[in-house]
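Scroll down for the structure; my scribbles are underneath it.
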């Protein structure tokens, strides 16, 4: 038992924090899914990370990565998120690349991994459909066999960054007659090809972060099939073997909480006393810190299990459930703490804390929905984790 | 921001048990399975000491009463981590009796603060189970704070004269030795004015002990010390430094209590997971319903978090790290979640779990006591606030 990082891990953290401290302030507090200006900064940082090798910190050495331990990956994510540094490439380095390492052909790995490692490409993920959300395996986007190509027709939705992506990995139905999990294939495509159309969807925070992607008889070479035909569901599930502690959530929440503590200590209420002396405010700050510690503990447990080669089914779902709720709660409290000023948008005259609390409160509504809703996570905890029978 | 991520130094990396810890867990589980069932727990509720003689002897023979006592004093010399692993199993069976009071609170007090003479006199007997201790700290306001102590100790010709009335003294009627906190000066702040004493229970008249009828297994009593004369060598630690010793004793006990609560929480979750698979309504197991699955998932999640927070605090104490933040977090959390988990278990069990005949209520009653023992959630929130700079 050891509730502490190793010296080597702490040294890595120190090196990373030094690098972050030296980084130009323009690259800090950047919202990755945000404006075109923020996106441009994210791509610049991604290049810097690629040069340091940190973009592929977690890749095995044989693929040009640093082969970092699970805990180093956790530290990397923690510090980057805590300091709001953009540039990590979730879809490329963390989702598609590991999948190709396990299921991709030699040609696919040679073609796709190096540009990801250099930070030169942007991938997006074509999973959800208008009629397939939590029941993802019911997806209907059809891929018809036509010689050495598939002809793909249908649409994907909630596709983050599709408007900025040059590539998409997409789950399609190749066998409409098979049981739903066994007729799905995993394909790779460029986005700038005939028949693909990307339509923006504006979220409730006013940002263009996701899209609907339409496929109209799009021709995708069979060489772009990852793994076997009709085994795409299981190819997609491979991602479970990579770091999925959910450490992002407590790191993000701790950052916000620290800002709120400073704000509460430095701002006087109507009584002339700092807000931090208000009983109710103190109570909520304390309880949020307990929640952060709880969630961080779960994230470390997941990473620790993965370090030891165990599959953290229920634990990862617990970390996701707790973490997403936490991030909502801390920003919701942030808006409360700012009172009337809490409703002012980023950039507004008189807005406090740059309007981030409102922006994040609206933006984090999605957290308990994306990547498996809280309700689906609880189903997983109950059935896979506790062994309760399926309904 | 110039500093690193502030949670970093409060982090956890290898959460597995060592072979020794695993061994203790296994032997504790075996022992509890063989010897402790709910009939025994119920029978002991009307028993004088809460522990049948041969069971108490067995706890000593297993080396558990002396687990925290150094080998040089006849104990097993293990750390608080091993004790926590054991207490988790005891909590899961609701083991009654004075084990906690003696083997955790008493052993820590004497082993860490006793003079050589006191260690020689008391520790071997404590290890053998021949000596049971009880902490006589709280008074009227019952706050877990140095200011609670109004009892006095005044120097007399042949030692000290103790006066004061203590409440919530656990297992008082069966105790052989009291750890008594008194003010030895009236001028300074309470934390600079306390002294601890080891008081032989034989010096007290039995009429001085008035039993409190409490919900759980603690056998609390009010104990009156009225001009009780004790010898000069009864001082534990240094005169005037009682609070720093007592704080340490209470911190160790708080962490250990969290481990015991963890065991009770685990049992309530396990009982629920079993029950919802056995109980059938509308033609199928109620565990197939999502409403039931989700409440059960929430309970299991709270339990898992509690495990992380508890063992992190315990590891920090065992390793001599700064533990103030993590210990307060753990107890604040467990004080809320052990009862929450029990409420959830009752809700999932329906009416049957509400009966005295069903075992679930044993753990709910344990939770009612443990949540306030060594400070409730609010007490520990104030410590967290200090740690947060609020």
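We did not get these values from a lab; they are worked out from the coordinates using the rules stated. Keep in mind the model is a prediction, meaning the values are calculated, not measured. When we count neighbours, we look across all protein chains shown, and the Cβ atoms used for this are built from the backbone with ideal geometry, even at glycine.
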A correct fewest-to-most ranking of B:105, A:267, A:238 by other Cβ atoms within 10 Å would be A:267, A:238, B:105
Based on alpha-carbon centroids, what's the gap between the range A:260-282 and the range B:183-217 in Å, whole number please?
40
Value of relative contact order over the range A:7-88, rounded to a whole percent, pairs C-alpha under 8 Å and six or more apart
38
Partner chain coverage, peptide A:272-284 - average Cβ within 10 angstrom:
1
Given the Cα-Cα distance of residue B:187 and residue B:352 and 0.36 nm per residue of separation, how much length would full extension add, in nm?
53.7 nm
Rough spin-label spacing in nm, given labels placed 7 Å along Cα→Cβ, for residue B:145 and residue B:130
4.3
Taking only DSSP H segments of four or more residues, each worth -39500 (n - 2.57), what value at 222 nm results for chain B once the sum is divided by all its residues, to the nearest 500 deg cm²/dmol?
-15500 deg cm²/dmol
Which percent of Cα pairs goes in each bin when the distances of chain A are cut into 10 angstrom slices starting at zero?
5, 20, 31, 27, 12, 4, 1, 0
For residue B:72 and residue B:26, what is the calculated FRET efficiency with R₀ set at 35 Å and r taken between the beta-carbons, to the nearest 0.05?
0.80
Neighbouring Cβ atoms within 10 Å as the yardstick, rank A:124, B:258 fewest first.
A:124, B:258
Which number comes out as Rg/Rh for the range A:7-88 once both Rg and the Kirkwood Rh are worked out on C-alpha atoms?
0.97
Would you calculate the separation in nanometres between label points at residue A:308 and residue B:291, each defined as 7 Å from the Cα along the Cα-to-beta-carbon direction?
3.8
Where a ≥ b ≥ c are root eigenvalues of the Cα gyration tensor, a/c under 1.5 meaning rounded, otherwise prolate if a/b exceeds b/c and oblate otherwise, the range B:135-240 counts as oblate
Need the full-extension length gain, residue A:8 to residue A:204, defined as separation in residues times 0.36 nm minus the C-alpha distance. One decimal, nm.
66.3 nm
Looking at the protein assembly as shown, I'd like the Rg to Rh ratio, where Rg is from alpha-carbon atoms and Rh is Kirkwood's inverse mean 1/r.
1.03
For B:90, B:62, A:305, what ranking results if the residue with the fewest other Cβ atoms within 10 Å of its Cβ goes first?
B:62, A:305, B:90
Connecting C-alpha atoms closer than 10 Å in a GNM of chain A, tell me which of A:137, A:14, A:68 has the biggest fluctuation.
A:14
Per-residue [θ]222 nm for chain A (sum of -39500 (n - 2.57) over DSSP H runs n ≥ 4, rounded to 500):
-13000 deg cm²/dmol
From the Cα gyration tensor of the range A:123-232, with a ≥ b ≥ c the square roots of its eigenvalues, which class applies: rounded if a/c is under 1.5, or else prolate if a/b is larger than b/c, or else oblate?
oblate
How far apart, in nanometres, would the label points at residue A:36 and residue B:277 be if each is projected 7 angstrom from Cα along the Cα-to-Cβ direction?
5.8
Using a Gaussian network for chain B with springs between C-alpha atoms less than 10 Å apart, which of these wobbles most: B:188, B:75, B:171?
B:188
Please work out whether the range B:15-130 counts as rounded, prolate or oblate from its C-alpha gyration tensor, where a ≥ b ≥ c are the square roots of the eigenvalues and a/c under 1.5 means rounded, while otherwise a/b larger than b/c means prolate and anything else oblate?
oblate
Only Cα pairs under 8 Å and at least 6 apart count here; give the relative contact order of chain B as a rounded whole percent.
15
Förster radius 51 Å - calculated FRET efficiency between residue A:52 and residue A:219, Cβ distance, rounded to 0.05:
0.85
Residue of A:38, A:329, A:278 that the Gaussian network model of chain A assigns the largest fluctuation, springs spanning Cα pairs under 10 Å
A:278
